[in-house]
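**Student:** A single structure is presented below for examination.
The values are calculated or read from the model by the stated rules, or taken from the named source; none is laboratory data. None of the values given here were measured: they were computed from a predicted structure. Positions of Cβ are backbone-derived with ideal geometry, glycine not excepted, and every protein chain shown enters the neighbour counts. Each accessible area value is taken on the protein alone, full model and side chains, heavy atoms only, with ligands, DNA and RNA left out. Shrake-Rupley method; radii C 1.70, N 1.55, O 1.52, S 1.80 Å.
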Amino acid sequence: MKLPSQFFKPLAIGAPMPVRELPVRPERMIHFFPPHNEKIRARVPEMAAQVDVLLGNLEDAIPADAKEAARAGFIEVAKAHDFGDTALWTRVNALNSPWFLDDMAEIVREVGNKLDVIMIPKVEGVWDIHFVDQYLALLEARNGITKPILLHAILETAQGVKNVEEIAAASPRMHGMSLGPADLAASRGMKTTRVGGGHPYYGVLADPVEGAAERAFSQQDLWHYTVAKMVDACISNGLRAFYGPFGDIKDEPACEAQFRNAFLMGCTGAWSLAPNQIAIAKRVFSPDAKEVLFAKKILAAMPDGSGVAMIDGKMQDDATWKQAKVIVDLAKLVARKDPEMAAAYGF
Ligand code: GLV
Ligand code: MG
């Protein structure tokens, strides 16, 4: 275990100082785009204006013969545009793939000063983060990068889930984690053929009722355990947790339900794979206007966060004040990005 005094030192001479606090910005959706597709590249400015995080995907879903084109396409768009308040991320190929080294080296060299976060797929343990951390520090130093590039791990192998707490604590470069339900299902040998979401056979059957022909069956959330484990590992280390992809693009109500479970359990956002999922993520991960207005009343009634107050017949104390603060802080971030929400929240 590294000494605490060494933890925040740069890993290469000339690399920027690691951050002690994550940048504060809305991250309701991480919007994936395939950078090898020229038509989609042309829509980047329009996409960037709508989303909180824009991510150029180089890994799965990009065909092997388009990997170099995707990398070059990402570099081209990153150079060409000013992303303003929108964060720019990329998902590189896996650490054992033939593309990882060049993904990292070329992207950091060409656009390292524009890049906020690199998403690392199939992270299995702390050793993966340590390797990337060191390599990235050397690249930052060589290329004069001034602000450290953060890392975001995809939790998508059984071993990764087992090691999630060590992964979360591996480096000050860690931004957070996303649940990768498709690869995780494969890694665990789950009997599904889907990208996230529920399964009609996973649920509980109600007790038999005398005289009733049918017993109610309630579908359960397949991802509950993993999301909870990821949220605890992330939040206890000051990181952010995200639900990953929902592959059935047309099934908007099911996507919304999955995103909402993640939001209620403590996730900051989810991936959006298509424009309709951007709207769903905005709906789900922006705090509810009624809740925000009520939370503002709590903060106003207890300015120093202590004591007790009655608001609309409900008792408020230090604990509800802290909950209210979480909601109002998040609402302020969303309001900065979204004028409609700002009006609804009364900011
Ligand atoms: C995402 O990468 C997943 O495998 O679900
Ligand atoms: Mg995956």
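**Student:** For the chain, what is the percent of antiparallel DSSP beta bridges, rounded to the nearest 5? Write out the running numbers ahead of the final one.
**Tutor:** Numbers: 6 of 36 bridges.
Beta bridges within the chain, antiparallel portion: roughly 15 percent.
**Student:** Another question, then. Applying a 10 Å radius around every beta-carbon, put 176-183, 89-96 in order of their mean neighbour count, most first.
**Tutor:** Final packing ranking: 176-183, 89-96.
**Student:** Sorted by average packing, counted as other Cβ atoms within 10 angstrom per residue and highest first, what order do 216-225, 337-346, 53-62, 159-168 take?
**Tutor:** Listed from highest to lowest mean packing, they are 53-62, 159-168, 337-346, 216-225.
**Student:** Same structure, new question: Over 27 Å between C-alpha atoms is what I'm after, so list which of 114/337; 39/67; 39/114; 67/191; 122/332 land there.
**Tutor:** From the list (114/337; 39/67; 39/114; 67/191; 122/332), the Cα-Cα distance tops 27 Å for 67/191; 122/332.
**Student:** Less than 16 Å apart at the alpha-carbon level, and either on another chain or at least 8 residues along: which aspartates and glutamates does that give for residue 325?
**Tutor:** Filter leaves 288, 291, 304, 317.
**Student:** Could I ask something else about it? Could you calculate the FRET efficiency of residue 304 with residue 21 from 1/(1 + (r/R0)^6), where r is the beta carbon distance between them and R0 is 22 Å, rounded to 0.05?
**Tutor:** Details: r = 23 Å, r/R0 = 1.05.
Computed FRET efficiency for residue 304 and residue 21: 0.40.
**Student:** Lys/Arg Cβ at +1, Asp/Glu Cβ at -1, dipole of the chain taken about the Cα centre: which of 96, 223, 148 is farthest positive-ward?
**Tutor:** Sorting the options by dipole projection puts first 148.
**Student:** Against the longest principal axis of the chain, how steep is helix 100-111, in degrees 0 to 90 to the nearest 10, with axes from Cα atoms?
**Tutor:** It works out to around 90 degrees.
**Student:** Now for a different question. How large is the helix-only mean residue ellipticity at 222 nm for the chain, computed as the sum of -39500 (n - 2.57) over DSSP H runs with n ≥ 4, divided by its residue count, in deg cm²/dmol to the nearest 500?
**Tutor:** -13500 deg cm²/dmol
**Student:** Provide the per-residue ³J(HN,Hα) series for region 57-68, in order, calculated from phi with Karplus coefficients 6.51, -1.76, 1.60 and θ = phi - 60°, each as a whole number of Hz, with x at glycine and proline positions.
**Tutor:** Each residue of region 57-68 in turn: 8, 10, 8, 4, 5, 9, x, 4, 7, 10, 4, 5 Hz.
**Student:** Solvent-accessible area per residue for the chain at a 1.4 Å probe radius, Å²?
**Tutor:** Using a 1.4 Å probe on heavy atoms only, each residue of the chain averages 49 Å².
**Student:** Using a 1.4 angstrom probe with every protein chain in place, what is the largest-first accessible-area order of 11, 138, 155?
**Tutor:** Per-residue accessible area, sorted high to low, gives 138, 11, 155.
**Student:** Within region 291-345, what whole-number % of the accessible surface is contributed by carbon and sulfur, with the 1.4 Å probe and all protein chains included in the calculation?
**Tutor:** 62
**Student:** For the peptides 248-260, 117-129, 203-215, what is the packing order when you average, over each peptide's residues, the other Cβ atoms within 10 Å and list the highest mean first?
**Tutor:** On the way: 248-260: 16.7, 117-129: 21.8, 203-215: 8.4.
Highest-to-lowest ranking by the protection proxy: 117-129, 248-260, 203-215.
**Student:** Pairing the Cα long axis of helix 275-285 with the longest principal axis of the chain, what angle in degrees results, from 0 to 90 and rounded to the nearest 10?
**Tutor:** So the inclination is approximately 60 degrees.
**Student:** Go through 282/322; 9/147; 296/322 and tell me which ones have a Cα-Cα distance over 18 Å in this structure.
**Tutor:** On the way: 282/322 23 Å; 9/147 14 Å; 296/322 12 Å.
In this structure, 282/322 lie more than 18 Å apart at Cα.
**Student:** Ignoring ligands, DNA and RNA, please state the percent of accessible area on region 1-151 from carbon and sulfur, probe 1.4 Å.
**Tutor:** Roughly 57 percent of what the probe reaches on region 1-151 is carbon or sulfur.
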